[in-house]
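Working notes, structure below.
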Amino acid sequence: MSEDERADFRHKPTLTGELVVLRPFRVEEDVEVIRDFLTDPEVLRYTDGSAQTERSAWDENQERWMLDWYTTRNAQPDRLDLAVVDRATGRCVGEAVLNEWQPGNQSCNFRILLGTAGRDRGLGSEATRLIVGYGFERLGLHRVSLTVYGHNPRGRRAYEKVGFVHEGTRREVLRLGDAWIDDHDMAILAHEWEQHRGRPGTVPVVRTG
């Protein structure tokens, strides 16, 4: 397989696990869930650092932006945005994304978000393994990285469980209420993924801070 074929983000796969299916977005089918997780205070707290505790009103501008964004995800040539579907219900519960593709460095950023219906049942861990594994094994990535805020220890533990290694901390980057919040950098390298396939088990996690 050539390097160009390995790094072909134009193909939008369907990835099937025991608990979830990752598939391209179907906006007409997924739109209600998309609105739900885009206004979920917990999602906003851990992705944007928002301090709001209640859902904000949804207006026409947000609806227009949402439709423009999600109806164009399947046409993007340099990133992969997939809906996370709960196999138990057949419904979309969130999204998993490889973005910020750097061809010369064979690297991508990873992010995931799950609405209320997708939490605390192992769906996020499996979705992460599926899309990150696709990145290494089919797209030929060398490195997949992410950032996680310090007020999201549950998220950090989940990433460590899949094999992400803490590489460093950018201190006090976010003001949340009266507190300053750190931002942690984490990553998996191709040779690490080859060793554990997202299940590090006894493989030591190197902590630098």
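The values are calculated or read from the model by the stated rules, or taken from the named source; none is laboratory data. Predicted, not measured: the structure shown is a model, and the values here were computed from it. Glycine gets a Cβ as well: all are built from the backbone with ideal geometry, and neighbour counts include every protein chain shown. Side chains are part of the model used for accessible areas, which takes the heavy atoms of the whole protein and leaves out ligands, DNA and RNA. Shrake-Rupley method; radii C 1.70, N 1.55, O 1.52, S 1.80 Å.
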Hey, does the stretch 91-109 have a residue that's touching a residue at least 60 places away in the same chain (Cβ under 8 Å) and over 15 Å from the mean Cα position of the chain (by Cα)? yes
Give Arg157, Arg170, Arg175, Arg207 a once-over and let me know the one that is open to solvent by 90 Å² or more (accessible area, probe 1.4 Å), within 27 Å of Arg79 (Cβ to Cβ) and modelled with pLDDT under 95. Arg157
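Which one of Ser56, Ser125 is open to solvent by less than 60 Å² (accessible area, probe 1.4 Å), among the polar types (S, T, N, Q) and closer than 18 Å to Glu32 by Cβ?
When all the criteria are applied, what remains is Ser56.
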Can you pull out the residues in the stretch 178-204 that are closer than 19 Å to Tyr134 by Cα, over 19 Å from the mean Cα position of the chain (by Cα) and open to solvent by 70 Å² or more (accessible area, probe 1.4 Å)? His191, Glu194, Gln195
Open to solvent by less than 40 Å² (accessible area, probe 1.4 Å), modelled with pLDDT of 95 or more, closer than 21 Å to Leu22 by Cβ and of a type in the set (Val, Ile, Thr), is that true of Val148? yes
Can we say Thr72 is without any contact (Cβ under 8 Å) to a residue 24 or more places away in the chain, open to solvent by less than 40 Å² (accessible area, probe 1.4 Å) and either over 22 Å from Asp183 (Cα atoms) or among the β-branched types (Val, Ile, Thr) (or both)? no
Determine if the stretch 32-47 includes at least one residue that is modelled with pLDDT of 95 or more and among the polar types (S, T, N, Q). no
Candidate set from the stretch 17-53 (those that are without any contact (Cβ under 8 Å) to a residue 12 or more places away in the chain and either polar (S, T, N, Q) or in contact with a Phe, Trp or Tyr (Cβ under 7 Å, 6 or more places away or on another chain) (or both)); member that is least open to solvent (accessible area, probe 1.4 Å): Ser50
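Quick test for you: out of Leu114, Leu67, pick the one residue that is within 18 Å of the chain's Cα centre (by Cα) and either modelled with pLDDT of 95 or more or surrounded by 13 or more Cβ atoms within 10 Å (Cβ to Cβ) (or both). Write out each step before concluding.
Numbers: Leu67 fails: within 18 Å of the chain's Cα centre (by Cα).
Every option except Leu114 fails the conditions.
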